[in-house]
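Presented below is the structure to which this report refers.
The values are calculated or read from the model by the stated rules, or taken from the named source; none is laboratory data. Note that the coordinates shown come from a computational prediction; the quantities given were computed from them, not determined experimentally. So basically every Cβ, Gly included, is an ideal-geometry build from the backbone, and we count neighbours across all protein chains shown. The accessibility values were calculated without ligands, DNA or RNA, using every heavy atom of the protein model including side chains. Shrake-Rupley method; radii C 1.70, N 1.55, O 1.52, S 1.80 Å.
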Amino acid sequence: MTSLLDREPHAHGRFGPSPDEARMLLQVAFRPVGTLLALVTAVVLVTLVSANSDLTGTFGALAAVWLAVHQVPLGIAGATLSVLPLLATALLVRAVATIVAKSVDESSTRRDIAWVVGAGLAGPLAMSAVMLAMIHDASTVIALSTPDALATFGWVLLVHGIGVLIGCIRGTWPSVIRLVDLPPWLAASFAPAARAAAVLLAGGSVLVVASLIMSTSTLGTLIDSGGGIGGALGLTAVSVLYLPNVVVAAAAVVTGSAAHVGAATVSLFDTVGGEMPAVPVLAVMPESVAQAWWPVMLVVPALAAAVLGRAAARATTSLGDALRSAAAASVLVSVGCVVIGVLAGGTVGTFGHLGLDAPLFGVTAFAWSVVVGTGVAAVVAYRMRRHDEHGWDRDHDDDDHETGSDAVTLAEPAALTAAPAVAEDSADIVDAEADTPETPAAPETPAAPETPATPETPAAPETPESADDVVDAEIVELPTDGKA
């Protein structure tokens, strides 16, 4: 792995990075934003050329699209555009996280991580300043307003900060948990929260696809409104870019919240009509009143909460930890829903606000997760405790195991005491055999003096004693033969 720690260690007292580290930091700082600028340049040039434009204000368009990927609100012809596609932003965050994860590892020091984090934020900030200058210069020839500088820097820091944070966690995952020293039940709550969020987004995706299939006529009409192949392709591309925004809104709807496009509002229990932009992806909006079977879709958040509770129970080792982990995961899901709900919505000129009620989305997601999720976690934890799949009862059965071990240890001395009895019997047998005339074979034992073959060992002088013992034993045995 190309980590900063793969380089040579710093000399004593050096504060700045080495040349190899400097090259790595430059890649972290400018490769994601540079790649994004290249892609944006290609898209803008192709779009302007296909529209037979004279390329006036090209640099302003490049800067505007670059900032739009960072969710920076734009002012176009006096109207505000703050509903920006999440797909491009998500891809950028992934690119930043990938390059940051390759620059750190488990053994990275705080200094190394600080350098990487600083580079990952400083480069985009410098690039955003350049983009602001380009928009300010182009605003004299095209109807494009210069965004607020503080808002621009804030959004750029947020987007790249999320990517840097994910990359640092991925690159230093085992060590970062030890560094933060989280409780086991809290560390185990992240995976259940991610699974529940994935189920919610999957349910929203299914709802969007089903709605588009049922509204194919409206979808075709909106695509044809582009006025040709170029316009149709452009509207299709815009719809694809905004598809994640619509999926997030659908996920909010299935939890019991509401989504709206200007004055038009839709929920599982009511719908309100209104004027909408001619974007094909908005064909998902229903053209009729709420149906009686729509509340059946509440099974999606219930399923997500069940997945959360089951995962929390299987990731912990006690009933209390399972409940605490499920509750913490519910909070994480709620916070994530609020954040993504804010990012998915915004203002579109005279149409007003497009998106969803982010606070209500967070409340409904938390309610489903904490009620159903903790209930499922309790049930699964109880069943796992009953079957002792995690060994939870071992601590409670220590006394039983100790009693059983005592029983075993009590049986062992009996077996051990039996051995001397056998030894005594064998000794008697040996004595009995010693009384037989075959005892003269004993003198063969003097083979022991062969040990002095190694003169270095001090054991050599002891051999005479063993010989004397043998002689004494033979002298003692002579009277027994006489008695016989």
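For segment 122-144, what are the residues that are surrounded by 19 or more Cβ atoms within 10 Å (Cβ to Cβ) and under 18 Å from Leu26 (Cα atoms)?
Within segment 122-144, Gly123, Pro124, Met127, Ser128 qualify.
Tell me whether segment 66-75 contains one or more residues that are touching a residue at least 40 places away in the same chain (Cβ under 8 Å), open to solvent by 20 Å² or more (accessible area, probe 1.4 Å) and not in a loop (DSSP other than H, G, I, E, B).
Scanning segment 66-75 turns up no residue that is touching a residue at least 40 places away in the same chain (Cβ under 8 Å), open to solvent by 20 Å² or more (accessible area, probe 1.4 Å) and not in a loop (DSSP other than H, G, I, E, B).
Under 9 Å by Cβ, and 6 or more places apart or on different chains, what pairs join a residue from segment 338-362 that is open to solvent by less than 60 Å² (accessible area, probe 1.4 Å) with one that is part of a helix (DSSP H, G or I) and among the hydroxyl-bearing types (Ser, Thr, Tyr)?
Final answer for the pair search is Leu343/Thr89; Phe361/Ser334; Gly362/Ser334.
Within segment 239-246, does at least one residue satisfy the condition of being more than 29 Å from Val363 (Cβ to Cβ) and either loosely packed, with under 15 Cβ neighbours inside 10 Å or hydroxyl-bearing (Ser, Thr, Tyr) (or both)?
yes
If you check Ser211, Ser217, which single one turns out to be at pLDDT below 90 and hydroxyl-bearing (Ser, Thr, Tyr)? Please lay out each step first, then the result.
Numbers: Ser211 fails: at pLDDT below 90.
Result: Ser217 is the single residue among Ser211, Ser217 that is at pLDDT below 90 and hydroxyl-bearing (Ser, Thr, Tyr).
Would you say Gly161 is over 24 Å from Ala251 (Cα atoms), buried (at least 16 other Cβ atoms within 10 Å of the Cβ) and modelled with pLDDT of 90 or more?
So Gly161 fits the description; yes.
On the basis of being closer than 30 Å to Val247 by Cβ, in contact with a Gly (Cβ under 7 Å, 6 or more places away or on another chain), crowded, with 21+ Cβ neighbours inside 10 Å and not hydroxyl-bearing (Ser, Thr, Tyr), does Val156 make the cut?
Spelling it out, it is not the case that Val156 is closer than 30 Å to Val247 by Cβ, in contact with a Gly (Cβ under 7 Å, 6 or more places away or on another chain), crowded, with 21+ Cβ neighbours inside 10 Å and not hydroxyl-bearing (Ser, Thr, Tyr).
Of the residues that make up segment 307-317, is at least one touching a residue at least 12 places away in the same chain (Cβ under 8 Å), in contact with a strand residue (DSSP E or B) (Cβ under 7 Å, 6 or more places away or on another chain), on the phi < 0 side of the Ramachandran plot and outside any helix (DSSP H, G or I)?
no
Suppose the filter is closer than 17 Å to Leu158 by Cβ, assigned to a loop (DSSP other than H, G, I, E, B) and touching a Gly at 6+ places or on another chain (Cβ under 7 Å); does Val104 pass it?
no
Test Arg310 against the criterion of being touching a helix residue (DSSP H, G or I) at 6+ places or on another chain (Cβ under 6 Å), of a type in the set (Lys, Arg) and at pLDDT 90 or above, and give yes or no.
Yes: the conditions hold for Arg310.
Please state which of the following conditions Glu287 fails to meet, knowing it meets all the rest: (1) open to solvent by 10 Å² or more (accessible area, probe 1.4 Å); (2) farther than 13 Å from Ala251 by Cβ; (3) in contact with a helix residue (DSSP H, G or I) (Cβ under 8 Å, 6 or more places away or on another chain); (4) part of a helix (DSSP H, G or I).
So Glu287 meets the others, but not (4).
Across segment 219-237, which residue is farthest from Ile166 (Cα to Cα) among those that are open to solvent by 40 Å² or more (accessible area, probe 1.4 Å) and in contact (Cβ under 8 Å) with a residue 40 or more places away in the chain?
Ser225
Examine segment 158-165 for a residue that is under 25 Å from His353 (Cβ atoms), without any contact (Cβ under 8 Å) to a residue 24 or more places away in the chain and among the hydrophobic types (A, V, I, L, M, F, W, C), and state whether such a residue exists. I'd like the intermediate steps shown before the answer.
Of all residues in segment 158-165, those under 25 Å from His353 (Cβ atoms) come to 158-159, 162.
The next check asks that each one be without any contact (Cβ under 8 Å) to a residue 24 or more places away in the chain; those that pass are none.
Looking through segment 158-165, none of the residues is under 25 Å from His353 (Cβ atoms), without any contact (Cβ under 8 Å) to a residue 24 or more places away in the chain and among the hydrophobic types (A, V, I, L, M, F, W, C).
In segment 47-65, what residues are polar (S, T, N, Q) and open to solvent by 60 Å² or more (accessible area, probe 1.4 Å)?
Thr47, Ser50, Asn52, Thr56
Is there a residue in segment 58-65 that is out of contact with any Leu (no Cβ under 8 Å at 6 or more places or on another chain) and in a helix (DSSP H, G or I)?
Yes, segment 58-65 contains at least one residue that is out of contact with any Leu (no Cβ under 8 Å at 6 or more places or on another chain) and in a helix (DSSP H, G or I).
Checking Ala304 against (1) at pLDDT below 95; (2) buried (at least 22 other Cβ atoms within 10 Å of the Cβ); (3) within 29 Å of Pro184 (Cβ to Cβ): exactly one of these is not met. Which one?
(1)
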